[in-house]
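**Student:** Quick one: this structure, given as structure tokens, is what I'll be asking you about.
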Amino acid sequence: MRDISILALILGGCLPPVLDTGDTGDTGDTGDTGDTGDTGDTGAEYQAHDGSVAACVTTDTPDVATTGTVSGLLGVEAAGYEPLAFGWCWGSPSRQLDLTDDAGHRWRVGWRILDASGADVTPALDLAIDGPVELRSREACGEGCSAAFSLLSGTTLLAAFHEGYWSNAFQGGDLPGLTVARGATLGEAETGCGREAFTTQVFTGDAAVELEPYATGTLSIAGADRTVWAAASHRYTREDCTDLGDTFAWALTPVI
């Protein structure tokens, strides 16, 4: 890890290393409790309920784990704002954070959350000036791709964004005090490429919170409340096409 001096730029509008939480937010069968099996097309109604999450980082090698401090917070209209292209991004971020290390290298992370109606509900991150921050950014690709990043202060998880279209992108230690998994099957539906099961998402910190996408809730981690966002969760139980990816999109932010 490299010590960095972080210039953080929060944009509005339209765009950790203590606890190993294991395989968090696995898009496989982990945490599939209460699978209802073949329930007919009872899941068709859930197809229109998805939200979405975008998680973006300006680097060609998205595996990043680095620490530093927040040195400034600016709005999009602030003087001196300089656009910076994203290196990899599976969506269009609405808010961004600029990081500058001691060698002058700049990273930008961006995030966006859309609700089930497509409305942009992306929250700002209220980061403290001069506070310590650690960035963990990850990417995992197979039949689809998942992009993710988390921000920490010491052992405290400040925020996390997981844009999952294949499998869990986070690695052990990226989400101290938090696990995310699939929960109960809400229903299943036939699609043009097979059969999909729609599930809840279970966020576990000091206790478990189970949400039906799209929904938000409050989760306590080490006594501190966070807002969790269940955006989308479905997987194929029968595949009739190739290169299909399951979906497991979620976020954690300061309380909104």
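The values are calculated or read from the model by the stated rules, or taken from the named source; none is laboratory data. If you're wondering where the values come from, they're calculated on a predicted model, not measured in any experiment. Ideal geometry is used to build each Cβ from the backbone, glycine not excepted, and the neighbour counts take in all protein chains shown. With ligands, DNA and RNA removed, areas are computed over all heavy atoms of the protein, side chains included. Shrake-Rupley method; radii C 1.70, N 1.55, O 1.52, S 1.80 Å.
**Student:** Check which residues have an amide H placed less than 5 Å from ALA184's amide H, if you skip close sequence neighbours.
**Tutor:** Those lying under 5 Å, H to H, from ALA184 are THR33, THR200.
**Student:** Which whole-Hz ³J(HN,Hα) couplings does region 221-236 yield from phi under the Karplus relation 6.51 cos²θ - 1.76 cosθ + 1.60, θ = phi - 60°, glycine and proline marked x?
**Tutor:** Once θ is set to phi - 60°, the couplings for region 221-236 become 10, 6, x, 10, 7, 9, 8, 10, 10, 8, 9, 7, 7, 8, 9, 7 Hz.
**Student:** Can you divide the C-alpha Rg of region 188-243 by 2.2 N^0.38 Å and report the result to two decimal places?
**Tutor:** Here the Cα radius of gyration is 1.47 times the empirical estimate.
**Student:** With all protein chains present and a 1.4 Å probe, how do HIS234, HIS49 order by accessible area, largest first?
**Tutor:** The residues order as HIS49, HIS234, largest area first.
**Student:** Under a point spin-label approximation (7 Å from Cα along Cα-to-Cβ), what is the ILE256-ASP225 distance to one decimal in nm?
**Tutor:** Inter-label distance under the simple model: 1.5 nm.
**Student:** Can you tell me the accessible area per residue over region 118-256, all protein chains present, probe 1.4 angstrom, in square angstrom?
**Tutor:** Heavy-atom SASA per residue in region 118-256 reads 33 Å².
**Student:** Considering amide H positions built from the backbone, and no H for Pro or chain starts, which residues 5 or more places from SER167, or on another chain, come under 5 Å of its amide H?
**Tutor:** The answer is SER146.
**Student:** Two decimals is fine: what's Rg over Rh for region 136-256, C-alpha atoms, Kirkwood radius as Rh?
**Tutor:** Rg divided by Rh gives 1.00.
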